[in-house]
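First up is the structure itself, then whatever we jot down about it.
Any read-out appearing in this document is the output of simple, stated calculations on the displayed coordinates, not a laboratory observation. The shown structure was predicted, so the numbers you read here are calculated from the model rather than taken from an experiment. Glycine gets a Cβ as well: all are built from the backbone with ideal geometry, and neighbour counts include every protein chain shown.
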Ligand SMILES: O=C(O)C(=O)C[C@H](O)[C@@H](O)CO
């Protein structure tokens, strides 16, 4: 058996890929989303109540569908990165990356020695399909996609160096944290934020890497697609449910 193909990584140079934030933290909800036509799902280990076991359940649930899982870790912790890779994460997103040095350390956490310092799980791990994948240790990195998030002023200032870091496959802009960091809380459409988002996109592409962003408002998503973002999260599952539920209630009870 070969290391599983990573369709998300393979698609980064193609048409814009549309995804959805998955915050319900269950395999059941993840499987429902995976059947709806999204190209990818963001399994959020940062802000959703996820653990390694719940992320595993979502990876297993969506594996049967043409919807690529992207797993976001809560931090830069190399031990957590090791666990997420061992359960079979092949597209990993890391928040709050501000420097190329941080990016290089994150790459090293995903690589076995001598390129890095990832610990060896071997046949204990889903990633190796419990030992069935031949040459996993020498080929896993070929199907691994590392996405680093730029979502601060310093990250934007260092965007090209971050994106150019060998082993970084993509940069994902966090518009809500970025706007907060530079003093425009809750206003990612502020002109200063928009300028920084555009700069980060251009710097990422200048480094030959793919760029992603979260844009749950249609007008923003279409603007970012026009700008050339390669992958865009255009929905958040919890928000989608709340919106549909409130609209249903309003149909029978008005806007009480
Ligand atoms: O900063 C951002 O924007 C993101 O990284 C996405 C948020 O963390 C996500 O929780 C949606 O609100």
Distance between Cα centroids, the range 230-256 to the range 27-44: provide it in whole Å. 17 Å
Which whole number in µm²/s is D for the range 145-256 by Stokes-Einstein, with the Kirkwood Rh taken over Cα pairs at 10 °C and 1.306 mPa s? 106 µm²/s
Listed peptides 221-231, 81-91 by packing density, highest first (mean Cβ within 10 Å): 81-91, 221-231
Kindly state, to the nearest 0.05, the FRET efficiency for residue 137 paired with residue 238, given R0 = 25 Å and r defined as their beta-carbon distance. 0.10
For the range 214-228 and the range 92-165, compute the distance between their C-alpha centroids and round to whole Å. 27 Å
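I want to verify the translational diffusion coefficient of the chain in µm²/s; compute it with Stokes-Einstein, Rh as the Kirkwood radius over Cα pairs, at 37 °C and 0.692 mPa s.
Details: Rh = 18.6 Å.
Estimated diffusion coefficient is 176 µm²/s.
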Run through all the Cα pairs of the range 1-128 and give the fraction in each 10 Å bin from 0, expressed as whole percent. 13, 43, 36, 8, 0
